[in-house]
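The values are calculated or read from the model by the stated rules, or taken from the named source; none is laboratory data. Source: prediction; values computed, not measured. Every residue, glycine among them, receives a Cβ derived from its backbone with ideal geometry; neighbour counts consider all protein chains shown.
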Amino acid sequence: MLLIPCPWCGPRDEAEFHYGGQAHVAYPADPAALSDEEWARYLFFRDNPKGRFAERWSHTAGCRRWFTLTRDTATGVFESEAGA
Amino acid sequence: MAERLSPLAGFEPVSAESLRIEEIPFLTQLDVRVDPKSRAAAEIGLALGVPLPTEPGTYASGDCDVLWTGPDEWLVLAPPGAEGLEGRLREACAGAHVGITDVSAQRTAVLVDGPRSRDLLAHGCALDLHPRVFGPGRCAQTVLARAQVVLAAREGDAFMILVRSSFAGYLGAWLLDAAAEHLLD
Amino acid sequence: MTSRRREGVAGETLRFRYDGRDYEGLRGDTLAAALLANGVRAVVRSGGLGRPRGIYASWTEEPNALVQIEEPFPEPMLQATTVELYDGLVATGLGGRGRLADRPDPARYDAVHAHCDVLVVGAGPAGLAAATAAAASGARVILADDRPAAGGCLPDTGETVDGVSGTTWAAGMLAELAGRPEARVLPRTTVFGYYDDNYLVAVERREEGAASRERIWRIRARRVVLATGAHERPIAFAGNDRPGVMLAGAARAYANRYGVLAGRRAVVFTTGDGAYDAARDLAAAGVEIAAVADVRRDAHALDEALAVAGPLAGTEVLTGHVVTGVGSAPDGSVASVTVSGPSGEREIEADLLLVSGGWNPVVHLFSQSGGALRFDEELHAFVPGEAAQAVEVAGAARGVYTLAGCLEDGVATGTRAAEAAGFRVPPHPVPAAERVTALPSGRLWLVPADDYETHFVDLQREVTVADVMRATGAGLRSVEHVKRYTTAGTAHDQGKLFGVLTSAVVAHATGVEIGDLGTTTFRAPYAPVSFAALAGRDRGMLHDPVRVTSLHGWHAAHGALFENVGQWKRPWYYPRPGEDMETAVLRECRAVREGAGAMDASTLGKIDVQGPDAAEFLDRLYTNMMSTLKVGAIRYGVMCRADGMVFDDGTVMRLAEDRFLATTTTGNAAAVLDWMEEWLQTEWPSLRVYCTSVTEHWATVALAGPRSREVLAGLAPGLAVDAASFPFMTWRDAEVAGIPARVCRISFSGELAYEINVNAWDGLALWEAVVGTGVVTPYGTETMHVLRAEKGYPIIGQDTDGTVTPADLGMDWVVSKKKADFVGKRSHARADTSRPDRKHLVGLLPEDPGLLLPEGAHLVATSRLPEPPVRALGHVTSSYRSAALGRTFALALVSGGRERIGERLYVPLGGDPVPVTVTHHVLYDPEGARRDG
């Protein structure tokens, strides 16, 4: 059971959180201007690195805030990063 | 008109030396959303008589309890029948961007008290409730058994549990079942 | 059978039954000790080869002696070496598989969470020293130990500490811990899993009379000290599985801890000094030591020392010798031992062969924690290397094998752990023990032979060195692959004794160093854990929360049957005496279509959306326009995910210019709120909007049917209910039955209908008033489903599955063409979402009007099934009997379905596919004539 450092509530059991996948994938400013391929890339393609990965979490059973953390996917260890 | 019915109306309170469990029904509850740095936040605090606590996981008490539930969210607990409170808060910060919502029946309150209260909660709560860590004035939104709750530490061994109304029957049954061994003493 | 109990050992006599025979043992015995005391040597037969097997070890590392407890409650696959004897125990030996009980377990199992500054695992000399040192600082300390009594190996070895017996010293340490308010001792508690962030899980086998039989401890520790000891290592030689072959330390434990002699005449086979201590104790207890075969050629110093004095005086020590064979008695147990070495080969008569191949530190938990292991060339063993978590290892678990060393190491480690957790440890004395020096150990894994068919490396799985060599001969090089190929190390004991030996054999066979080869991965659980313990109290009613509305008691009291919708219990239908489901639902449907019905709709999700930008926010999330909604009005809306697929639907009421109330489907209430928060917080933080769940604040009663207006009028005399004053898709605040209410004129049945919302505390009063009018029939979710399906209204999640667009549902009208963007809009322009063969929601009428199609049934084009693969055109999503249509009907998702209206398709149901006609999905009142009553 990982302890995930919620920037507001402090470390809590991972069961209190919802995973939001890769961070910093912004909703395109003008989706209509994108080709089908560009739009599909936004919709369906995400990185899957072994090692450092910036990812989004939501403390769903706590303060309901979304935030971004960097985690080493090989070890599960978090580094702190500025919140969402 | 028929009587009002609280979610744990059928719950037989537990009253032993070691442990007490009872519902505190019909509290007035308001969800308050506001930027804590705004003037409106200060005005709401004045109207409540209790400033909105900004330290995560704490609550402030006066005529009502104000629980921090998020960086721009608080849960106000006032005695039953405080119907005018919502209007007074809206008036206090008229025109500002705030969210004030009556959630009185959204959750019910359960008071757990007695020397075995922490042992009881430890059956289903992963938080460290040791008085060194979670003393009076602290609150948390977390999971108890399989229900989301708001948990607040009162003086001594007392805890207030706020549970969604639909989960109250489940949580009441779970607490009673867990309490059995703590009543043996 | 004669007793093998040492003279002078006495205690409370307990009766037990094993494999159909009655025996007696003493309180404090394990089942294994009691069996040995009764001279039972072959305790089980192996599952595959049927070879007799004896007791090999004295605790949880036992590979052979698996038993099934028969009384008082059947429990399979327990180790005889860990079962505490009790009066009336009935057990049978298991060769392999056990049997589950055929009745529910009446015992209670539970769980607790615990937090501490320092968790010490193992209450042997090192663990006790660590725990008492750490607890002296005031730190919160938990000491967990899997034995019934503290002391670790001290009762086995009989050593003294601080001038008193090891057991007395351990009791003193426990008393000291009992005096520390922040210390907790957990005996009979096996820490079996070490997970992320110092989260450890243990199972406590509780004493008779405790509130639960077993308890799972979920422990979050700031620092962990592992003092888990070491397991003695066997050696692979011919016949090493015979009953009577036993670890030297185990035989010593049976003699010292239980007063039981495992044999009468023993040969010792050893690589080091430890076995001499065992032999000395056994000799003192009356076992004749026939000879010691010591693999070391340079063990002469010992030889000379032994000749002088003590119980082993005169014992023959055969240096440089190994065991090459075991002769067996008629029952298969050891009758003689063949030793070979510089003196040649000799057969020695013996009924006991004590084996000591050195020691393996118990590194399981350390390895589970992510810590690295390294091979120590002097200890010939894998020891803890670099830690990955806040953990330290003390004593034999890191290769410190002397008592004095363990005590010293324990104090130092416990002190370090408490100080790392921020506490100050006062000066703490190191308990005193005799200091001994030992000769270096020899290293021998495998006695060379021509034939390796009885050199066992896994007694439970019956894997031999020959099997391992077949694996390496087949080209396998990794121990993980050899494990899976041979199954060595996959039994209940997970290779506790033989795992490292197996690695050594693989290394030997492949010509690599064992340190380079490594071990197989250590995984939780360290020892077997029962599913009952893991399930704990999450059984029956507490298995999963049951969510109920404020009206639940009424429904139950009035005979409703309930449908599970997620965790909710919703009234399904209300059968009257003599009614089956079909009759009851047809009656309820007719009541709504012809009179008035009431349903508990409280479970619908409700989200209060407030703020100056609330309208803009909803425009971005819903496919249709919400900003044009007037205060007092209601609009149906659909939400899509960014991929354009329908995610949820519901109504949106505008409460004020800057305030809306959105409803969601029952199952999606939490997901929709999360969805809203996600967009607000992560994409549109500049929007001034707050969302709050009010799902359970409100009780909602749906009142539907042509007579619903007159019912409402009677209950709410202050409310103008005529169609002009209270039009469709508007809401009004009013008193209903004297209760402040918000009344919405919306319909999910096509009939004139209202939804009345009141504070949930008043829900029952409202319901009783509505039903009390006498003209309103309570109806359940099944009737609601039939009525909505007749109107072609989809249920998100039943008629959709995350691959369906609004257009697929025939709901183009709900998708705004005016908005520049909304979530999902761009996807509706993808080539894939405009394919003509997409699945559309259509109606189906079986040609047999009495035939009810099963939901999920597939649709094909032809009346005869072609050879596979058969192309399915779609599937039935909803299927009901309709009172209004006088027949059965269904909804289905069908490829190009709208172009197939009027076509005949077929549904394979086992026999010949049955014909159905494709229709428009709205089958009842397509003109919408009934909604105004």
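Counting only residues that are away from every other protein chain (no Cβ under 12 Å) and under 19 Å from C:Asp762 (Cβ atoms), how many does the stretch B:12-45 have? Number of matching residues: 2.
The listed residues are C:Arg188, C:Arg140, C:Arg180, C:Arg222, and the only one of them that is of a type outside the set (Phe, Trp, Tyr), surrounded by fewer than 24 Cβ atoms within 10 Å (Cβ to Cβ), within 14 Å of chain B (Cβ to nearest Cβ) and in contact (Cβ under 8 Å) with a residue 24 or more places away in the chain turns out to be C:Arg222. Check whether at least one residue in the stretch C:577-585 is closer than 24 Å to C:Val776 by Cα, of a type in the set (A, V, I, L, M, F, W, C) and part of a loop (DSSP other than H, G, I, E, B), and report yes or no. There is no residue in the stretch C:577-585 that is closer than 24 Å to C:Val776 by Cα, of a type in the set (A, V, I, L, M, F, W, C) and part of a loop (DSSP other than H, G, I, E, B). The residue of the stretch A:17-34 that is surrounded by the fewest Cβ atoms within 10 Å (Cβ to Cβ), among those that are facing another protein chain (nearest Cβ under 8 Å), farther than 13 Å from C:Ser827 by Cα and small (Gly, Ala, Ser), is A:Ala26. Scanning the stretch B:139-160 for residues that are over 14 Å from A:Gly62 (Cα atoms) and away from chain C (no Cβ under 11 Å) gives B:Ala153, B:Arg154, B:Glu155, B:Gly156, B:Asp157, B:Ala158, B:Phe159, B:Met160. Sub-8 Å Cβ pairs linking a first residue in the stretch C:395-424 that is not assigned by TED's automatic domain parsing to the domain that holds C:Gly138 to a second residue that is among the acidic types (Asp, Glu) and assigned to a helix (DSSP H, G or I), at least 6 apart or interchain, number zero.
For residues in the stretch C:320-347 being assigned to a strand (DSSP E or B) and over 51 Å from the mean Cα position of the chain (by Cα), which is farthest from C:Val245 (Cα to Cα)?
We begin by selecting, within the stretch C:320-347, every residue assigned to a strand (DSSP E or B); these are C:322-328, C:334-341, C:344-347.
Pick out the ones that are also over 51 Å from the mean Cα position of the chain (by Cα) and you get C:341, C:344-347.
Details: C:Gly341: 20, C:Gly344: 22, C:Glu345: 19, C:Arg346: 18, C:Glu347: 16 Å.
Per the stated criteria, the residue is C:Gly344.
Of all residue pairs spaced 6 or more apart or on separate chains, those with beta-carbon atoms under 8 Å, a first member in the stretch B:66-77 that is within 9 Å of another protein chain (Cβ to nearest Cβ) and in a strand (DSSP E or B) and a second member that is surrounded by fewer than 21 Cβ atoms within 10 Å (Cβ to Cβ) and aromatic (Phe, Trp, Tyr) are B:Gly70/A:Trp8.
Test C:Gly644 against the criterion of being of a type in the set (Gly, Ala, Ser) and not assigned by TED's automatic domain parsing to the domain that holds C:Ala596, and give yes or no. Yes. Within the set C:Val694, C:Val743, the sole residue that is away from chain B (no Cβ under 14 Å) and at pLDDT 95 or above turns out to be C:Val743.
Within the option set B:Gly137, B:Gly87, B:Gly95, being surrounded by fewer than 22 Cβ atoms within 10 Å (Cβ to Cβ), free of Cβ contacts under 8 Å to residues at least 12 places away in the same chain and at positive phi holds for one residue only, B:Gly95.
With respect to being touching an Asp or Glu at 6+ places or on another chain (Cβ under 9 Å), more than 23 Å from C:Ser749 (Cα to Cα), away from chain B (no Cβ under 14 Å) and touching a residue at least 24 places away in the same chain (Cβ under 8 Å), C:Met581 falls outside the description.
Residue-wise test of (1) in contact with an Asp or Glu (Cβ under 7 Å, 6 or more places away or on another chain); (2) more than 30 Å from B:Asp72 (Cβ to Cβ); (3) at the interface with another protein chain (Cβ under 7 Å from one of its Cβ atoms).
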position	(1), (2), (3)
A:Pro11	no, no, no
A:Phe45	no, yes, no
A:Arg52	yes, yes, no
A:Trp57	no, no, no
A:Thr68	yes, no, no
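Just wondering, is there one or more residues in the stretch C:527-537 that are under 30 Å from C:Glu204 (Cβ atoms), surrounded by 15 or more Cβ atoms within 10 Å (Cβ to Cβ), touching a His at 6+ places or on another chain (Cβ under 8 Å) and touching a residue at least 60 places away in the same chain (Cβ under 8 Å)? Yes, the stretch C:527-537 has at least one match.
Output the residues belonging to the stretch C:547-563 that are aliphatic (A, V, I, L, M) and facing chain B (nearest Cβ under 7 Å). Passing the criteria: only C:Val548. The numbered conditions (1) more than 28 Å from C:Arg826 (Cα to Cα); (2) out of contact with any helix residue (DSSP H, G or I) (no Cβ under 6 Å at 6 or more places or on another chain) are all true for A:Ala61 except (2).
For C:Ala883, the conditions (1) among the hydrophobic types (A, V, I, L, M, F, W, C); (2) at pLDDT 95 or above; (3) buried (at least 18 other Cβ atoms within 10 Å of the Cβ) are fulfilled apart from (2).
Of the residues making up the stretch C:509-546, those that are out of contact with any Phe, Trp or Tyr (no Cβ under 7 Å at 6 or more places or on another chain), more than 14 Å from chain B (Cβ to nearest Cβ) and part of a helix (DSSP H, G or I) are C:Ala509, C:Thr510, C:Asp516, C:Leu517, C:Phe531, C:Leu534.
Restricting attention to the stretch C:628-644, does a residue exist that is assigned to a loop (DSSP other than H, G, I, E, B) and surrounded by 23 or more Cβ atoms within 10 Å (Cβ to Cβ)? Yes, because at least one residue in the stretch C:628-644 is assigned to a loop (DSSP other than H, G, I, E, B) and surrounded by 23 or more Cβ atoms within 10 Å (Cβ to Cβ). Scanning the stretch C:207-217 for residues that are of a type outside the set (Val, Ile, Thr), surrounded by 19 or more Cβ atoms within 10 Å (Cβ to Cβ) and more than 22 Å from C:Thr132 (Cα to Cα) turns up C:Ser212, C:Arg213, C:Glu214, C:Arg215. Just one of (1) within 14 Å of chain B (Cβ to nearest Cβ); (2) in a strand (DSSP E or B); (3) more than 30 Å from C:Asp643 (Cα to Cα) fails for C:Lys606. It is (3).
The sole residue among C:Phe647, C:Phe660 that is free of Cβ contacts under 8 Å to residues at least 60 places away in the same chain, surrounded by 21 or more Cβ atoms within 10 Å (Cβ to Cβ) and either under 26 Å from A:His59 (Cβ atoms) or touching a Cys at 6+ places or on another chain (Cβ under 7 Å) (or both) is C:Phe660.
On the basis of being surrounded by 24 or more Cβ atoms within 10 Å (Cβ to Cβ) and under 19 Å from C:Ala183 (Cα atoms), does C:Val245 make the cut? No. Would you confirm whether any residue within the stretch C:377-395 is surrounded by fewer than 23 Cβ atoms within 10 Å (Cβ to Cβ) and over 38 Å from the mean Cα position of the chain (by Cα)? Taking every residue of the stretch C:377-395 in turn, at least one turns out to be surrounded by fewer than 23 Cβ atoms within 10 Å (Cβ to Cβ) and over 38 Å from the mean Cα position of the chain (by Cα). Taking C:Ala704, is it surrounded by 20 or more Cβ atoms within 10 Å (Cβ to Cβ), within 30 Å of C:Gly774 (Cα to Cα) and either more than 11 Å from chain B (Cβ to nearest Cβ) or free of Cβ contacts under 8 Å to residues at least 40 places away in the same chain (or both)? So C:Ala704 fits the description; yes.
Residues that are more than 20 Å from the chain's Cα centre (by Cα) and either away from chain C (no Cβ under 13 Å) or aliphatic (A, V, I, L, M) (or both) within the stretch B:85-114 comprise B:Gly87, B:Arg88, B:Glu91, B:Ala92, B:Ala94, B:Ala96, B:Val98, listed in sequence order.
Within the stretch C:829-884, the set of residues being polar (S, T, N, Q) and under 43 Å from the mean Cα position of the chain (by Cα) comprises C:Thr833, C:Thr877, C:Ser878, C:Ser879.
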